[in-house]
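Worksheet: the structure to be examined is printed underneath.
The values are calculated or read from the model by the stated rules, or taken from the named source; none is laboratory data. Note that the structure is a prediction, hence the values are computed from the model and not measured. In this analysis, Cβ positions are derived from the backbone assuming ideal geometry, glycine residues included, and neighbour counts consider all displayed protein chains.
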Amino acid sequence: MFRDTWRRHREVMDTALFHVFIGWAAILLGAVSGAVMGLFFHEDAWAGGYGSFRRRMIRLGHISFFGIGFLNLFFALTLTLIGLPDAYVRVASLGFLIAVFAMPACCYLAAWKKPLRHLFPIPVVAVLVGVTSILFGWPTS
């Protein structure tokens, strides 16, 4: 019994540490992408101008690194505070991992080719799966 409890605790902590790493890596990518974009902001016509769809998608990609990175950090914190069942941890983990890669990718792909905006349900559903897994797995006592 003690061995099983310790093994489960270790697996949850490994998952939490992995999501801490992913969260900080996403924040780093957000900072780097912002720095790269900052090299061109002085040009009024860059990426079609300030209000263009292309430029908005590029900015959204940059910000999504931070937003989904924070979700991964919050997920890791939740794992250390709340005893979620293993199945819910695995599903939420997968959802947040898909989202952290898919959201910025969808933004940049949509900026490149506008019809690729139809890929946005992938990261949105991934975030919804992650969040609902946490809420449905929430301990009642």
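Some notes on this structure:
- Selection count where residues are among the hydrophobic types (A, V, I, L, M, F, W, C) and exposed (fewer than 14 other Cβ atoms within 10 Å of the Cβ), scope region 83-104: 1
- All positions within region 11-27 that are free of Cβ contacts under 8 Å to residues at least 12 places away in the same chain and over 19 Å from V127 (Cα atoms): D14
- Residues that are surrounded by 14 or more Cβ atoms within 10 Å (Cβ to Cβ) and among the hydrophobic types (A, V, I, L, M, F, W, C) within region 105-123 comprise A105, C106, C107, L109, A110, A111, L116, L119, F120, I122, listed in sequence order.
- Considering residues of region 5-42 that are outside any helix (DSSP H, G or I) and under 21 Å from C107 (Cα atoms) only, the residue modelled with the lowest pLDDT: F41
- Those residues of region 114-141 which are among the charged types (D, E, K, R) and under 19 Å from the mean Cα position of the chain (by Cα), in sequence order: R117
- Scan region 132-141 for residues that are of a type outside the set (S, T, N, Q) and either touching a strand residue (DSSP E or B) at 6+ places or on another chain (Cβ under 6 Å) or buried (at least 16 other Cβ atoms within 10 Å of the Cβ) (or both) and the total you get is 2.
- Those helices (runs of 4 or more DSSP H) of region 53-139 in which at least 3 residues are basic (K, R), considering only elements entirely within it, cover 53-81.
- Residue check for P104: of a type outside the set (V, I, T), within 15 Å of the chain's Cα centre (by Cα) and at pLDDT 95 or above: yes
- A count restricted to region 17-32 and to residues that are within 10 Å of the chain's Cα centre (by Cα) and surrounded by fewer than 17 Cβ atoms within 10 Å (Cβ to Cβ) stands at 0.
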